[in-house]
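The values are calculated or read from the model by the stated rules, or taken from the named source; none is laboratory data. This one's a predicted model, so the numbers in the text were calculated from it and none came from an experiment. SASA here: full protein model, heavy atoms, side chains in, ligands and nucleic acids out. Shrake-Rupley method; radii C 1.70, N 1.55, O 1.52, S 1.80 Å.
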Amino acid sequence: MGGAVVDDGPTGVKAPDGGWGWAVLFGCFVITGFSYAFPKAVSVFFKELIHEFGIGYSDTAWISSILLAMLYGTGPLCSVCVNRFGCRPVMLVGGLFASLGMVAASFCRSIIQVYLTTGVITGLGLALNFQPSLIMLNRYFNKRRPMANGLAAAGSPVFLCALSPLGQLLQDHYGWRGGFLILGGLLLNCCVCAALMRPLVAPKSSGEPEPRRPSQRLLDLSVFKDRGFLIYAVAASIMVLGLFVPPVFVVSYAKDLGVPDTKAAFLLTILGFIDIFARPTAGFITGLKKVRPYSVYLFSFAMFFNGFTDLTGSTASDYDGLVVFCIFFGISYGMVGALQFEVLMAIVGTHKFSSAIGLVLLLEAVAVLIGPPSGGKLLDATHVYKCVFLLAGAEVLTSSFVLLLGNFFCMGKRSEAARPEATASAAEELHKPPMDVRVDSQEVEHFLKAEPEKNGEVVHTPETSV
């Protein structure tokens, strides 16, 4: 991938953990909200699209699936662009693409055109905003990073609470075409957030040359040698198969039970409202000194909780049951959202994070393309929403066991094996004779004069003996 200099931040600059970082955090909050809430919010328009184009549930589910696939699958492309051009220019272009895709979708005459505009173009634009914003957040925060990740991740439920009812309102007043057009205008706010991503600049000290950044590859594939990264990537890919399925189908599930459209759309608002508090809370808890070393196990528990919620939610038979499901799903989904990138940062470190996140998102893209459409196919074949929720829950539960067992047996043994080696090397270093010790003659002379007497006796020095 060449030896171009990456945009890895200036050498020797400490993360400020505040200051302008709060503005960066706000921009990341908005970008995360658009990136994750948008694929779920457009599900409000699915009923109208089914009537407009005469298609099935699985066909409309491809819109959310392609959006998420572009968000994940273009990860390596985003990594290369960020490392070559920097975060801010990439995000500005991404904001324009996201808006252009939704505006063009309002003029579409077939579902294929909607796939290309809303799915591909808007999805690419959101991807070019999402990944660089996380990279900038990682550079501005270190000690407060779990808290910052939790607050930024809260953008997803906040925007879900707003975009879902807004989408229903726009559909009622302007139709799905007018709704897409207005949403395209809202996505231009991504460009405003891009302007907040000010690069960190090393302070210039007089008389000292400016520190030189090392030349590195645009995409670092050495992360695949890290056993912890491989376990995380496999578990996350399995998790994504079922993670996004319930939010995509819960509104249609309620409408199928005879719930009015506005009331059905309110389910996503409930889910998002609970998620708003779950993400920052999970971030604060993970940031505690006694909890942070066990963040991987906490992430595994979050996935288990989410999968178990899907299994129990499959038994819902009325609106009240779906409300209870959305409450517990919001808690578990918020925990997963707050921890997923914090755990990845903890595994690979800041230096390799820009490449690692791109590669992880690429691996997850395949699962995203399979997840919601497979749920739609299953729904078309069975017409039973219970089967869809059972499948999603089983997939997320499997991912939690993969991460838990992989971390316990593989990564745990590796750390235990490294511990004796580290102790031995420390002991060797302790008993190692000092090398290249230089003694100043003036210091020796001062030391000899410093203590003329010891225990009441005159100490004979070379000078007193003369």
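Leaving ligands and nucleic acids out of the surface, order PHE180, PHE29, PHE308, PHE224 by accessible area at 1.4 Å, largest first.
Descending order: PHE308, PHE224, PHE29, PHE180.
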>> Heavy atoms of the protein only, probe of 1.4 Å, neighbouring chains included. What is the accessible area of PHE301 in Å², nearest 10?
In response: 110 Å²
> Considering only Cα-Cα distances, which of the following residue pairs are longer than 18 Å: LYS290/LYS352; LYS47/LYS255; LYS263/LYS386; LYS225/LYS352; LYS14/LYS290; LYS263/LYS377?
Replying inline: LYS290/LYS352; LYS263/LYS386; LYS14/LYS290; LYS263/LYS377
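Would you please calculate the Kirkwood hydrodynamic radius of the range 219-414 over all C-alpha pairs and express it in Å, rounded to one decimal? Spell out each step's value before the answer.
Details: mean 1/r = 0.0577 Å⁻¹.
Computed over Cα pairs of the range 219-414, the Kirkwood hydrodynamic radius comes out at 17.3 Å.
Between ILE370 and ARG109, 0.36 nm times their residue separation minus their Cα-Cα distance comes to what? It would help to have the intermediate numbers written out before the result.
Numbers: separation 261, 0.36 × 261 = 93.96 nm, distance 2.55 nm.
Between ILE370 and ARG109, full extension yields 91.4 nm more.
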>> Please compute the contact order of the range 219-414 in relative form: average sequence separation of alpha-carbon pairs under 8 Å and at least six residues apart, divided by the residue count, as a percent.
In response: 44 percent
> Per residue, how much accessible area does the range 219-414 have with a 1.4 Å probe, in Å²?
Replying inline: 39 Å²
> Counting only the heavy atoms of the protein chains, how much of GLU52 is accessible to a 1.4 Å probe, in Å² to the nearest 10?
Replying inline: 90 Å²
> In sequence order, what are the phi-derived ³J(HN,Hα) couplings for the range 255-267 according to the Karplus relation 6.51 cos²θ - 1.76 cosθ + 1.60 with θ = phi - 60°, rounded to whole Hz, with x for glycine and proline?
Replying inline: 5, 5, 7, x, 6, x, 4, 5, 5, 5, 5, 5, 4
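With a 1.4 Å probe and all protein chains kept in place, how do LEU243, LEU92, LEU288 rank by accessible area, largest first? Before the final figure, lay out each step's value.
Numbers: LEU243 5, LEU92 65, LEU288 95 Å².
From most accessible down to least: LEU288, LEU92, LEU243.
Rank these residues by their accessible area, most exposed first, probe 1.4 Å: PHE141, PHE97. Please list the in-between numbers first.
Numbers: PHE141 0, PHE97 80 Å².
Greatest to least solvent exposure: PHE97, PHE141.
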> Rule-of-thumb check for the range 208-320: C-alpha Rg over 2.2 N^0.38 Å?
Replying inline: 1.56
> Based on the alpha carbon coordinates of the range 15-199, what radius of gyration and maximum Cα-Cα distance (Dmax) apply, in Å?
Replying inline: 16.4, 54
